[in-house]
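Written below as structure tokens is the structure these notes are about.
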Amino acid sequence: MKRTKIIDVLNSTTYGQQVCVKGWVRTHRSSKAVDFIALNDGSTIKNVQIVVDPELPVKGTMGEVSLKDVTTGACVAVLGTLVESPAAGQPSEIQATEIVIYGLCDNTYPMQKKGQSFEVMRKNAHLRLRTNTFGAVMRIRHNMAIAIHTYFHEHGFFYFHTPLITASDCEGAGNMFQVTTKNLYDLKKDDEGRIIYDDDFFGEQTSLTVSGQLEGELGATALGAIYTFGPTFRAENSNTPRHLAEFWMIEPEVAFLDQEGLMDLEEDFIKYCVRWALEHCKDDLAFLNQMIDKTLLARLEGVLKDTFVRLPYTEGINILQEAIKNGRKFEFPCQWGDDLASEHERYLVEEHFKKPVIMTDYPSAIKAFYMKQNQAGTDTGSSIGYRGAVAPGPTMQGTDVLFPQIGEIIGGSVREENYDKLMAEINSRDMETDKLWWYLDTRKYGSCPHAGFGLGFERLILFVTGMQNIRDVIPFPRTPKSAEF
């Protein structure tokens, strides 16, 4: 008989029909009169209850089995009659007429009904996906990917694939994983001890990309509006709840977009994603709101209700320094020119404004070379009525979105389109340009104003699910000293 997904069984009211469900056992309760099996197939957070006569013969694909072998974690098929459930909280159940065990599961199964710590589950990432929590997170992750593609498609963007292997470092930080076919035990070097790459696969030093932005800009100057959505890699030795070595990024780039328009895009996009989650992931969000973070739903709904604050960096520093004067303590300093830490960002969002913030006009020195520099005197004030102090140094048209619980969730900017100004910034940073000749060409041939941003997909999932560690919102996390599974 054809299998029916459990989500469809639970939504059906065609009682009396024969159905076949297949999945993994969550729990099995036995008594002399009747057995109850909670079965889940991943299609929904909810289990379907199987009612079983203790005398019902059980079949097995691996030899002789009995009903007692239907333990937590076992994989089974159930044929039975869909009936209206007399129990509260469940609309229907299945009265079993036949059970087949596909895969046994003994009592060493790590994901037993009793609660497991997230640390234990990370060590069993190959099995944690079968738990209610991780099933909910992965279904939400899927829905967020669909929301992202839908948003950009509906708004006229083209999905643009940028390379994973690159010879350039977009961020200029140098924390990249090298790609090579060279014999690491016999590296050919020049007289100064530098590795010679002439005999390597690509004939030059190459790495896994940290961002598709630079190539994305090329797409925007041809197609008008593009977005990338793919894996990126950073070899930072960071063991924090906010960092991964392999993660996914969404990076739209738009021609003829200014700073105000960029902030509008950032706010509209992220609200669309949150709204999608609330509309399409109700059961999973309700579960996470109950089990992980009881403020989750209110926080998500608050994002849709509030207009994001647009706050110049200089004014943000003033607010933080005023808080310090009033006794607020921070672990890290926050003078003008400092790159704000997560604690500073979260203070502004969670305590001062109590709503998301788009911070603008950062000091040039702490931002990437490609950001457009403000003209002196144009980077003060904001759309919510603040009069910021004059910045003591040059600033760039950055637009970082700060969220509660997360800190920075989006990093964006207007890109410098003027060749001479871009070269001046590159030279002031003593950057090598031989790997960027193709990028600089776009400033010589039909350059145009353009802007874009990068959103870390896992940080979005962190916010939407209420999970506390980024390693728990990706199926198989890659972190320092950890590449299992």
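The values are calculated or read from the model by the stated rules, or taken from the named source; none is laboratory data. From a predicted model like this one, the values you see are computed outputs, not experimental measurements. In this analysis, Cβ positions are derived from the backbone assuming ideal geometry, glycine residues included, and neighbour counts consider all displayed protein chains. Accessible surface is based on the protein model in full, side chains and every heavy atom, while ligands, DNA and RNA are left aside. Shrake-Rupley method; radii C 1.70, N 1.55, O 1.52, S 1.80 Å.
Descriptive notes on the structure:
- Solvent-free Debye scattering, log10 I(q)/I(0), computed from the Cα coordinates of the chain at q = 0.06, 0.07 Å⁻¹: -0.37, -0.49
- Using every pair of distinct Cα positions in segment 1-45, the Kirkwood expression returns a hydrodynamic radius of 11.9 angstrom.
- Centroid-to-centroid separation of segment 438-485 and segment 396-428 [C-alpha atoms, Å]: 15
- Integer Hz, Karplus 6.51/-1.76/1.60 couplings in order for segment 434-447, x for Gly and Pro: 5, 8, 10, 4, 5, 5, 5, 4, 5, 8, 9, 10, x, 5
- Taking the DSSP bridge list for segment 309-439 and keeping only pairs wholly inside it, about 75 percent are antiparallel.
- Straight Cα distances below 28 angstrom link Lys189 to the lysines Lys435, with same-chain residues fewer than 8 positions distant left out.
- Net dipole in debye of the chain [+1 Lys, Arg Cβ; -1 Asp, Glu Cβ; about Cα centre; nearest 20]: 2000
- Maximal additional length on extending the Thr61-Met1 stretch stands at 19.9 nm, based on 0.36 nm per residue less the C-alpha distance.
- Measuring against 32 Å, Cα to Cα, the residue pairs Lys113/Lys355; Lys5/Lys32; Lys32/Lys123; Lys114/Lys354; Lys305/Lys329; Lys114/Lys305 contain Lys113/Lys355; Lys32/Lys123; Lys114/Lys354; Lys114/Lys305 as the ones spanning a longer distance.
- Across segment 32-156, the relative contact order, built from alpha-carbon pairs under 8 Å that are at least six residues apart, equals 21 percent.
- Relative contact order of segment 391-484, pairs being alpha-carbon contacts under 8 Å that are 6 or more residues apart, as %: 26
- Normalised per residue, the accessible area of segment 182-241 is 55 Å², obtained with a 1.4 Å probe and no contribution from ligands, DNA or RNA.
- By accessible area, using a 1.4 Å probe on protein heavy atoms only, segment 248-385 has 50% of its surface on carbon and sulfur.
- If you plug the beta carbon distance of Ser85 and Ser117 into 1/(1 + (r/R0)^6) with R0 = 30 Å, you get a FRET efficiency near 0.35.
- Largest to smallest principal axis extent of the C-alpha atoms in segment 310-368, angstrom: 32, 23, 17
- Annotation: aspartates and glutamates with alpha-carbon distance below 19 angstrom to Lys421 (same-chain offsets under eight excluded): Glu171, Glu217, Asp258, Asp361, Asp379, Asp430, Glu432, Asp434, Asp441.
- The residues of segment 253-295 present an accessible area of 46 Å² per residue when probed at 1.4 Å with all protein chains retained.
- Relative contact order (%) - segment 405-457, alpha-carbon pairs under 8 angstrom, separation at least six: 64
- Estimated vicinal HN-Hα couplings, Hz - segment 302-318 in sequence order (Karplus 6.51, -1.76, 1.60; Gly, Pro = x): x, 4, 6, 6, 8, 7, 5, 5, 10, 10, x, 3, 4, 5, x, 4, 4
- Ellipticity estimate at 222 nm from DSSP helix runs (n ≥ 4, -39,500 (n - 2.57)) divided over the chain, nearest 500: -8000 deg cm²/dmol
- Sparse packing (at most 13 other Cβ atoms within 10 Å of the Cβ) combined with a DSSP loop state is found for the following chymotrypsin sites (Phe, Trp or Tyr not before Pro) in segment 202-295: Phe202, Phe256.
- In loop segments of segment 347-378 as defined by DSSP, the trypsin sites (Lys or Arg not before Pro) with at most 13 further C-beta atoms inside 10 Å of their C-beta are Lys354.
- Straight-distance candidates among the aspartates and glutamates for linking to Lys59, with alpha-carbon spacing under 13 Å and chain neighbours fewer than 8 residues away dropped: Asp69, Glu98.
- Quick note on segment 383-485: its Rg to Rh ratio, both from C-alpha atoms and Rh being the Kirkwood radius, is 1.08.
- Per atom type, segment 158-246 shows carbon and sulfur on 51% of its accessible surface, probed at 1.4 Å.
- Rounded D (µm²/s) - segment 253-390, Kirkwood Rh over Cα pairs, Stokes-Einstein at 37 °C, 0.692 mPa s: 193
- At most 11 other Cβ within 10 Å, DSSP loop - trypsin sites (Lys or Arg not before Pro), segment 173-266: Arg194
- A 1.4 Å probe run over the protein chains yields, for segment 335-485, 42 Å² of accessible area per residue, whole-number rounding.
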